[in-house]
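Before any comments, here is the structure.
The values are calculated or read from the model by the stated rules, or taken from the named source; none is laboratory data. Predicted model only: the values in this text are computed from it and were never measured. Backbone-built Cβ (ideal geometry, glycine too); neighbour counts: all protein chains shown.
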Amino acid sequence: MFDLSGQVAIVTGAAKGIGRATAVELAKAGTKLVLAGVRESSMTEVTEEVGSFTGEYLVVQTDVAKWEDADRMARKTAERFGRIDILVNNAGIHPVKEDGNRQEFLEIDDDSWDEVVGVNLKGQFNCAKAVAPFMMKQHSGKIVNLSSNTALTGIIGSVAYCASKAGVQGLTRAIARELGPHNIVVNCIAPGFTMTPMNAKMSPEAMEAAIARTSLKRAGQAVDVARVIVSFLQDDLFATGQTIVVDGGSFMH
């Protein structure tokens, strides 16, 4: 476990899945935490879990697709803790229809497209833009953006999701170039099939097929991804603008 004692970390989409697992790992590593989520009421379980490791945390209701929410999140963090060292840009959505299936290409309308891209891509832009001035002022900071291995492979029924997650990788490289001179490291994690609430409605057959594609022959767990995220937060990391795939060897590049 890396020692991140005293550092201030924001995790978006912290209520469940990879966000929740990351928040817990960061609490174990000694950070002061800001837990951001679109519904403050959904944070009960993660705050209980995080609270067993640290008493220094703050919950901020945040719709990352809205600039004013992302800006408020960053300002509240700085007001409470005096600095911002880490941003884990995790909040994301992958909607399903009422029958549990994803929307195929010709079914996607403007509202569906805008919702997915607004949260998954614009949301990460908003949050990075909101924290960057604080990190630039202190001449240090680490940002980890969450993409997906589907950005590299494509998947049927997930056009908007794949496009938004591919955009996250481009966003990562671009802001890494701009923020590097300020000693701010920006990297990206691309998980594969992971047992999170987002995938809870998958059929058993689809789950079996996803597991079969991995080299390790098991489903990823949220903590598997969280631990790689935390490894990207070590001090003096000489890697920026990079995307690491965490999918058990399903896709290799």
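To keep it simple, each residue is scored yes or no on (1) part of a strand (DSSP E or B); (2) among the hydrophobic types (A, V, I, L, M, F, W, C); (3) surrounded by fewer than 24 Cβ atoms within 10 Å (Cβ to Cβ).
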{"site": "Ala9", "(1), (2), (3)": "yes, yes, no"}
{"site": "Ala15", "(1), (2), (3)": "no, yes, no"}
{"site": "Leu35", "(1), (2), (3)": "yes, yes, no"}
{"site": "Glu45", "(1), (2), (3)": "no, no, yes"}
{"site": "Ile84", "(1), (2), (3)": "no, yes, no"}
> Out of the stretch 206-250, which residues are assigned to a helix (DSSP H, G or I) and among the charged types (D, E, K, R)?
Replying inline: Glu208, Asp224, Arg227
> Being within 14 Å of the chain's Cα centre (by Cα) and in a loop (DSSP other than H, G, I, E, B), is that true of even one residue in the stretch 128-147?
Replying inline: yes
>> As an exercise: evaluate Glu208 against (1) at pLDDT 75 or above; (2) within 30 Å of Phe134 (Cβ to Cβ) and give the number of the one condition it does not meet.
In response: (2)
> Any chance the stretch 20-39 includes a residue that's hydrophobic (A, V, I, L, M, F, W, C), over 22 Å from Ala130 (Cα atoms), in contact with an Asp or Glu (Cβ under 6 Å, 6 or more places away or on another chain) and modelled with pLDDT of 95 or more?
Replying inline: yes
>> Quick test of your reading of the structure: Tyr57 fulfils all but one of (1) buried (at least 16 other Cβ atoms within 10 Å of the Cβ); (2) over 19 Å from Val186 (Cα atoms); (3) at pLDDT 95 or above. Name the failing condition by number.
In response: (3)
> If we keep just the residues of the stretch 224-243 that are out of contact with any strand residue (DSSP E or B) (no Cβ under 6 Å at 6 or more places or on another chain) and either among the polar types (S, T, N, Q) or without any contact (Cβ under 8 Å) to a residue 24 or more places away in the chain (or both), which is nearest to Ala174 (Cα to Cα)?
Replying inline: Phe238
